[in-house]
Each structure stands twice: as C-alpha cells, then as structure tokens.
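A short write-up of the structure that comes next.
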Amino acid sequence: MAKRAVTMDKLVALCKNRGIIFPGSEIYGGMGNTWDYGPVGVEIKNNIKRAWWKRFVQESENSYGVDAAILMNSRVWEASGHTTSFNDPKMDCKECKSRHRADTLIEAHSKGKVNPDTMTNEEMEAYINEHHVCCPICGKFNWTGIRTFNLMFETSRGVTDENQSKIYLRPETAQGEFVNFLNVQRSTRAKVPFGIAQIGKAFRNEITPGNFIFRTIEFEQMEHQWFCKEGTDLDYYAEYKQRAWQFLVDLGFDEAHLRFHDHDKLAHYARAACDIQYEYPMGWSELNGIHNRTDYDLSRHQEYSGKSLTYVDPVSGERYIPYVIEYSIGADRLMLAVLSEAYDEETLENGETRVVLHLHPALAAYKAAVLPLQKNLAPQAKEILATLKKILPVTYDEAGSIGKRYRRQDEIGTPFCITVDFDTLQDGTVTVRERDSMQQIRLPAAELSAYLLEKTAF
Ligand code: ATP
C-alpha cells in the first residue's frame, strides 16, 4: 500500500495557514488543547454536520431531531450514572507531576496487546508495577496509586453566593434525547421503532487531551438513538454498524483505513458495543461508537424522574420500555479523520509538489473559486461570483499567477476553479478545472450553478 503523505505536524500547519483550525486563545499563549475553527474550517465542519444530519435524519425513515439544553437538571446525571461512574483511572508521576490515564499507559506499553478495558484498577496498578511502566514524560518510575477522576465539568447556578446549586456541563448529548423520548414520540405521533438525533457541544475534563482535535475538553457530538422493541435490538445493532460504516465510505474514506473494534468489556447494562476505528496520522483509534444500551436509559429516567416513559403500542396495546441502539460520533474527531484522509502531496509534471485536500465536494468549504485570468476581467468575474453566491458557497481570488491560485484552492479542497478569460467576453463561456484530475472543460457561465449543484451533492 502506498505510504500516506499526511502527518499530524503537516496537518496542524496547513490548518493554521489556510484558516481551517487555529490554536485557542492564541494571543494569550493559548489554552491547552482548545482549538478555534477559522473561516474555512467552520464551513467544512458545518458541511460534515449537514451530511450527517441529511443521512441520519432527513433521509432516514422515522428519525427526528432535537436540540436540547447543555445545562440539565442534575438528577439527569444521577440517573445516567455519570455522577458516580463517569471516571477515568488517573495516576500522577511524583517526579515530574504529569498526570496520566492508567489504561492508556498500559495500552502504550504493551503496544496494544493488552486490553485494559477488562481490568480493574487493582489489576492495572499491578500490571504497571510488574512491568515497570515508566512515565512517558520524564522516564522515571515513581507513581501515585490509581485514583478515579470524574470527567464532568461542574459549575454552579444561583444569583447569590449563599444560594448556589451544583450543575454540570453535559459530558454527552445523549441524555437530551432520552429525556425527550415521550415529547418527541407524542408530538410526532411516531411509532416504535423510531430515532432521535442531536448535534451539540459536550464537555469532558479529559486527563490526557491531545492529538490536535482528536481528544479535547470541549467538542461536538452527533448522536442518534434508535428506540426499538426488545427482540429486534440485535438486528438493529447490526444495521447501525453497517449504516455508520457506509456513511464513512460514502464520504470518501478508504475502507483499508477503517476497522471495527468489538468491545470485550461491556457496561453492565449493555448487550453489545463496538467502535469504528480509523487510522489517524498517530495510529488506529476510535472514530465512533455503536452501542446496544438495552432499556437501561429510559428505565433509569423513569425511576429517577418518577414519570412513566413506557411506550404503549397503538395497535396491540402492549406496554414496554424500548431498547436503545446508540450511534455516536464526534464532529471534531470526524473532521480530523476527514482531513487526514483527504490530505495528499502530489508531484506535478513540472516537478513541483502540490498539497491537495481530496475532500468529498459536499464537505469542501467552497464549491468553486472564481478566478479572473487578469485583473481587468474582475468585473465579469465578480458578476459570475454574485450569481453563484446566491446558490452555493463560492470564493474569489485575483491575486498572483493562475497556478498559485489553483494551488491555494487545492490546499483547502475547493473542487472546482472557474477561470474567466477573454473568450468569456466573446461567448459567455468559462474554464472549469476539476481539483483531483486537474482536467479542464469549457462551460457557458449560465450553466455553472446547475453543474456545481450536481457535482457537489452528497
Ligand atoms: P474515548 O475512548 O476516545 O475517550 P469514548 O468511548 O469515551 O471515547 P463516547 O463516550 O462513546 O467516547 O463518545 C462518543 C464519541 O464522541 C466518540 O466516539 C468520539 O468520536 C467523540 N468523543 C468522545 N470524547 C471526545 C473528546 N474528548 N474529544 C473529541 N471527541 C470526543
């Protein structure tokens, strides 16, 4: 297999230079592992979210969207189990004071051969001592014991200091779908099986954030919960594994860079769980999860809220709490995978190297760039730009040679460049250059919007 050109350093540099992703709070020296999306990045990320929503809500049978509040009643997190068990096993290096996840240390030390998911904290501690696993920062062996660390960010609500109550920034969007199960079902008159989807921010006080936007403390999730009857759950679980995979393939992922990873250790309530892993520049890691969560979530919310979340089948009159198949993917993590997959360096006929993002056209920030061959053709080019802008996101560039302008568009993945030249004045046609093949065709300017709409659809 051909070696991939992408490395994390190259990707981070390209993202900064081309307005895709900047370090957060940069002028203040940054704030560890926070990132800001720039003018190009926000468009790509929005397109990722749009493609996901189109596939899992718009085109899906019986799926509905919600946009729930980030701040929820604290009882939600008691019911979901997050206040007691959303913990990571943390160890501190007594020498250099750095903090680590015990499971990550074991995974790295054993080169993925030992699966810490199946170990208790005591077993992990024993492994680390027995194998003399040293601190990856300072190389010394002087650990504290393992302590569990809750990943939820706490804040407080109240207008006076004396009258504050503890609340949390949500660590996942899923609970917003569970608590609205009956609201959605009744307002849409949906019959089980049906789905509820949401895209929104989640926050986790991660012990070891890093690898660019792979693991951050603030991120966006795209989650879809499929409510179904017990007995049909295993089939739907298999179906969602397939749908999650197909979505990635349709976005242009090479299947050789994807693999399923079935979980050995299941949460006590789960019936099955797996991830799809992607081969990032730093190696294989989780991209998304698919879980068969049984009737745990709705049962717990029924118990803690005291409100019935039982579904009544309108035909048979049968009453039951549905099972849930959860499909969850981070928008930022998918963005990292999309950029890693798209990045390429190609040697051109003249010996120069071009950096190109082979993004699916639907994900590209701009569907086309309008380029006047010379500056005195700007009025005609801007007229074409104004017409296209009403229909599609397009950009404009008149600075530098045409070759340089092509390169700039290649680097942000713009699928088409439209050159306005002197023939345009005569016959109203333009040159359309395609990003990947670099092939050029001539088209009447009047046909551009229909052409671009067709070529850039998802
Ligand atoms: P990991 O094991 O990588 O921490 P997880 O198993 O805790 O992930 P889930 O709780 O299942 O992840 O979250 C669902 C999805 O949300 C993940 O597959 C990932 O795409 C995304 N995600 C989770 N945590 C983060 C994070 N800290 N930063 C960015 N994306 C995240």
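Bear in mind that the values in this text are calculations on the coordinates, not laboratory data. From a predicted model like this one, the values you see are computed outputs, not experimental measurements. Reconstructed Cβ throughout: ideal geometry from the backbone, glycine too, with neighbour counts over all protein chains shown.
Output the DSSP H helices from the chain with an along-axis C-alpha extent of no less than 24 Å and a mean Kyte-Doolittle hydropathy no less than 1.6.
Result, helices passing both filters: zero.
Just in region 1-47: which trypsin sites (Lys or Arg not before Pro) are loop by DSSP and have at most 11 other Cβ atoms within 10 Å?
Details: sites: LYS3, ARG4, LYS10, LYS16, ARG18, LYS45; in loops: LYS3, ARG4, ARG18.
Passing both the DSSP loop test and the Cβ count: LYS3.
If amide H atoms are built 1.01 Å from N in the plane of the peptide, which residues on other chains or at least 5 residues away come under 5 Å of the amide H of GLU172?
PHE203
Among 425-438, 108-121, 214-227, what's the highest-first ranking by average C-beta atoms within 10 angstrom per residue?
Numbers: 425-438: 15.4, 108-121: 13.3, 214-227: 22.5.
Top of the packing list down: 214-227, 425-438, 108-121.
What Kirkwood radius, in Å to one decimal, follows from the Cα pairs of the chain?
Details: mean 1/r = 0.0402 Å⁻¹.
For the chain, inverting the mean 1/r across all distinct Cα pairs yields 24.9 Å.
Tell me, what ³J(HN,Hα) does each residue in region 195-207 have, in order and in whole Hz, if you take phi through Karplus 6.51 cos²θ - 1.76 cosθ + 1.60 with θ = phi - 60° and put x for Gly and Pro?
With the stated coefficients, region 195-207 comes to x, 10, 10, 8, 10, x, 6, 9, 9, 9, 7, 4, 6 Hz.
Please list, by residue number, every one of the GluC sites (Glu not before Pro) in region 92-175 that is coil in DSSP and has at most 15 other beta-carbon atoms within 10 Å.
On the way: sites: GLU95, GLU107, GLU122, GLU123, GLU125, GLU130, GLU154, GLU162, GLU172; in loops: GLU95, GLU162, GLU172.
Here the sparse-neighbourhood loop sites are GLU95, GLU162.
Would you list, by chain and number, the lysines whose Cα falls below 23 Å from the Cα of LYS94, excluding same-chain residues fewer than 8 positions away?
Cα-Cα hits under 23 Å: LYS140.
Tell me, what is the FRET efficiency for TYR269 and MET438 to the nearest 0.05, using R0 = 45 angstrom and their Cβ-Cβ distance as r? Could the numbers behind the result be given before it?
Values: r = 53 Å, r/R0 = 1.18.
Here the calculated transfer efficiency is 0.25.
Roughly how many debye, to the nearest 20, is the charge dipole of region 366-455 about its Cα centre, given +1 on each Lys and Arg Cβ, -1 on each Asp and Glu Cβ, and no other charges?
Working: 13 positive and 12 negative charges, 57 e Å.
Charge dipole, region 366-455, about its Cα centre: 280 debye, nearest 20.
Compute all pairwise cysteine Cβ distances in the chain, then list the cysteines with no distance under 4.7 Å to another cysteine.
Isolated Cys, the chain: CYS15, CYS134, CYS228, CYS274, CYS417.
What 222 nm value per residue comes from the helices of the chain, counting each DSSP H run with n ≥ 4 as -39,500 (n - 2.57) and dividing by all residues, nearest 500 deg cm²/dmol? Intermediate results must be reported in sequence, preceding the final value.
Values: 15 runs with 144 residues, N = 458.
-9000 deg cm²/dmol, from helical runs alone.
Enumerate the aspartates and glutamates that LYS3 could reach by cross-link, defined here as Cα to Cα under 13 Å, with residues fewer than 8 away along the same chain left out.
GLU279, GLU341, ASP344, GLU345, GLU346
Using unit Cβ charges (K, R positive; D, E negative) and no other charged atoms, how large, in debye to the nearest 20, is the dipole of region 87-150 about its Cα centre?
On the way: 9 positive and 10 negative charges, 66 e Å.
Approximately 320 debye in magnitude.
Where the only charges are on Cβ atoms (+1 Lys, Arg; -1 Asp, Glu), what is the dipole of the chain about its Cα centre, to the nearest 20 debye? Write out the running numbers ahead of the final one.
On the way: 54 positive and 64 negative charges, 167 e Å.
For this selection, approximately 800 debye.
Can you list residues from other chains, or at least 5 along the same chain, whose modelled amide H is less than 5 Å from the amide H of GLY24?
Result for GLY24 returns MET31, THR34, TRP35, ASP36.
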